[in-house]
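Right, one structure below, let's go through it.
What follows draws every value from the coordinates through simple rules; no lab data is involved. For clarity, every value in this text was computed on a predicted model and none was experimentally measured. Here Cβ is always computed from backbone atoms with ideal geometry, including for glycine, and neighbour counts include all displayed protein chains.
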Amino acid sequence: MRAPRWKVEGRDWPNRAYSRFVDAGRLRWHVQVMGEGPVLLLLHGTGAATHSWRGLLPLLACDFTVVAPDLPGHGFTTGRPLGGLAMPAIARAIGDLLRALEVQPQAIVGHSAGAAIAARMALDGVAAPAALVGLSAALLPFPGLAAKLFPTLARMLFVNPFAPYLFAQMVRTPADAERFLLRSTGSRIDGAGVRAYQALFATPAHCDGAITMMADWDLETLTRDLPRLALPVRLLHGDRDAAIPIGSARAAASLIPGADLVTLSGGGHLAHEERAEEVAALIRDFMGERR
């Protein structure tokens, strides 16, 4: 199954000069490290990779040492953690990466499913951040009938060996990717972001990683555990998010003691890519309050 190739799909990768490859556990990680100061760990969402931080990474690097990996099964990271792509397994694998890099994050910023992984890391003691920021955080099961249909569909795709190839054929051009992103996220992003998503979507291994991750996802257990999340949490959520409704963010915030929710007016699911400067300022302000 063809995976993204660093010399091909990664040739013009955003912030490429700050990329490195690190062996930790059972994986060879692609990770970007930029800046100096307290360590800030960035975790992207399902189907994305480090390119998702192309605008935010340099802005946050003015104040922090920013560490941004491609999650297992995504982008240019290769291998599978023990336990597959279930949330606890990915959390433990990121812990292995942090030990290999000899860093401990002061805070974790997670987008979508990355926010769920960040919460799982804190709850399971994999990391001990002083704060957590969730961008369009996917912390609760899908509402209503979708709660049953979405995981079932992901599992059906997972057991179909042709599914990753079929999806890769559906997004063959940047225009295809732009339409798909707008429909599924409600966001319009720049050309560099569209090209990076298209390059990844066109590779069956990346699609397989995203499908496998969705098939193994357990948000019911995370929802039950959210009231035990004993650290400051800020959720930033666009009111035009087509993937996760703002109501889900409000419900998640109500379960986490002391969590605050900031609504990004007009923002879609990829608001951190649409409005990197605004999101960076909100993260810096939140971290300043924690200090």
Task: Matching entry among Leu59, Leu27 (being farther than 25 Å from Asp124 by Cα and more than 17 Å from the chain's Cα centre (by Cα)) - done: Leu59
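Conditions (1) surrounded by fewer than 21 Cβ atoms within 10 Å (Cβ to Cβ); (2) out of contact with any Asp or Glu (no Cβ under 6 Å at 6 or more places or on another chain), marked per residue:
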{"position": "Arg172", "(1), (2)": "yes, yes"}
{"position": "Glu178", "(1), (2)": "yes, yes"}
{"position": "Ser187", "(1), (2)": "no, no"}
{"position": "Ala202", "(1), (2)": "no, yes"}
{"position": "Met213", "(1), (2)": "no, yes"}
- [ ] Return the only residue of Arg92, Arg80 being of a type outside the set (A, V, I, L, M) and out of contact with any strand residue (DSSP E or B) (no Cβ under 9 Å at 6 or more places or on another chain).
- [x] Arg92
- [ ] Pull up the range 7-24, narrow it to residues that are within 20 Å of the chain's Cα centre (by Cα) and hydrophobic (A, V, I, L, M, F, W, C), then point me to the one that is surrounded by the fewest Cβ atoms within 10 Å (Cβ to Cβ).
- [x] Phe21
- [ ] For the range 204-291, please list each of the helices (runs of 4 or more DSSP H) lying entirely inside it that holds at least 2 residues being in contact with a helix residue (DSSP H, G or I) (Cβ under 7 Å, 6 or more places away or on another chain) and within 27 Å of Ile189 (Cβ to Cβ).
- [x] 204-215, 271-274, 276-290
Task: the range 51-63 residues that are within 24 Å of Arg11 (Cβ to Cβ), paired with ones that are part of a loop (DSSP other than H, G, I, E, B) and of a type in the set (Gly, Ala, Ser) (beta carbon under 6 Å, 6 or more apart) - done: Ala61/Gly35
- [ ] Report yes if Ser52 is hydroxyl-bearing (Ser, Thr, Tyr) and either buried (at least 20 other Cβ atoms within 10 Å of the Cβ) or under 13 Å from the mean Cα position of the chain (by Cα) (or both), otherwise no.
- [x] yes
Task: Given (1) of a type in the set (Ser, Thr, Tyr); (2) in contact with a Lys or Arg (Cβ under 9 Å, 6 or more places away or on another chain); (3) farther than 26 Å from Asp218 by Cα, index of the condition Thr65 fails - done: (2)
Task: Inter-residue pairs, beta-carbon under 9 Å, first within 23 Å of Phe286 (Cα to Cα) and in the range 218-235, second buried (at least 21 other Cβ atoms within 10 Å of the Cβ) and not hydrophobic (A, V, I, L, M, F, W, C), 6+ apart - done: Leu231/Pro129; Val233/Gly134; Arg234/Gly134; Leu235/Gly134; Leu235/Ser136
